[in-house]
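The structure appears right after this line, and notes come after that.
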Amino acid sequence: MKNKTNILKSEDGSITVLISLMLPIMVLLILFVANSGQLIYEKIRLKNTCDAVALGAANVQSIAGNEIGDLNKERETEFRKLRKHVGRNLWFSLWDAKRVVKYFKKCISNLRKYQDESNTYYAKKSLEIANHIKELNQPKNSHWDLKPDKEDNEVFEYKEAKKKHVYYAYGALIRGIDPTLIVASKWSNSKAGRTEVTGAHNGVRYFPMTYDTILFGRSSIDVKVKKTEKIVDAGFTLTQEPKKFMFASNLFGDMPELKAYAKAKPAGGNIYDGKATYKPVLVK
């Protein structure tokens, strides 16, 4: 009888029962922690990739801003050459004076064309580099969708700044040839060279001439562009579609859709002043 009472009061094996009851809960807790860690990791990776996408696109936009600014400098240089050539000479006729103005106008307008081409080219490239960065970082078992805030055909919005003027003098009534009095000049496009390229072109030809009457003229030229939009940015939303967790997805369900957003912009430069110092800056 005493032995039976001791058997009933014995606690041997109770820890085994407790472990068998707690083990499933512990396993579920470990799986929950592992899946939670995966979720946090996926969020961080998505956000870091989105930041890299925005910075990569803004970096390309910075290249566009620097190139447009450099071309503004070139346009200003060509205008100074025009002012130097046309202003320091007495032209044989009004037609000769206008020929030199027309030549340099063409040089400057060609540079404006290069600015527009750069603006559209780098707008396309900024989206291409953004998608390339996304593809490089996208895991094989995930599907990411990248959506820009806007898909513009241009990086910057700009317009021609205030026109600048050049003044010139030309002879009206020829008195005759007198090398001791006045040196006149004519303009030769063939001597100046191609208008498509920049350089030290000078189509002036000098010869002696004197006039009874000297007249003056003025021409107006678009020389530089300036931005009309204050903020140029590259904003992107990166979305990861729902996917299965690493462990017990049948029990925990699928991982929810994840989203990340980032915005960057080129900063530090100035198109109008020709400051080619744009760099990408993350703003959001």
field: Matching residues, region 192-206, being farther than 16 Å from TRP95 by Cβ and in contact with a strand residue (DSSP E or B) (Cβ under 7 Å, 6 or more places away or on another chain)
entry: TYR206
message: Can you report the number of residues in region 208-243 which are over 30 Å from ARG99 (Cα atoms) and surrounded by 14 or more Cβ atoms within 10 Å (Cβ to Cβ)?
response: 11
- request: Kindly check whether there is at least one residue in region 83-101 that is part of a helix (DSSP H, G or I) and closer than 24 Å to LYS227 by Cβ.
  value: no
message: Cβ contacts < 9 Å: first residue polar (S, T, N, Q), restricted to region 33-48; second residue assigned to a helix (DSSP H, G or I), any location; separation 6+ or different chain. Result?
response: ASN35/SER249; ASN35/PHE252; ASN48/ASN137
message: Criterion first (among the hydroxyl-bearing types (Ser, Thr, Tyr), assigned to a helix (DSSP H, G or I) and modelled with pLDDT of 65 or more) does THR49 satisfy it?
response: yes
- prompt: Does region 73-81 include one or more residues that are in contact (Cβ under 8 Å) with a residue 12 or more places away in the chain, touching a helix residue (DSSP H, G or I) at 6+ places or on another chain (Cβ under 7 Å), within 30 Å of LYS150 (Cβ to Cβ) and surrounded by 16 or more Cβ atoms within 10 Å (Cβ to Cβ)?
  reply: yes
query: What strands (runs of 3 or more DSSP E) completely inside region 177-260 contain at least 1 residues that are modelled with pLDDT of 85 or more and among the small types (Gly, Ala, Ser)?
result: 183-187, 210-221, 234-240
query: ARG194 fails exactly one of the following numbered conditions: (1) among the charged types (D, E, K, R); (2) surrounded by 17 or more Cβ atoms within 10 Å (Cβ to Cβ); (3) without any contact (Cβ under 8 Å) to a residue 24 or more places away in the chain. What is the number of that condition?
result: (2)
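The values are calculated or read from the model by the stated rules, or taken from the named source; none is laboratory data. Model, not experiment: these values are computed from the prediction. Here the Cβ is made from the backbone with ideal geometry for all residues, glycine too, and neighbour counts use every protein chain on show.
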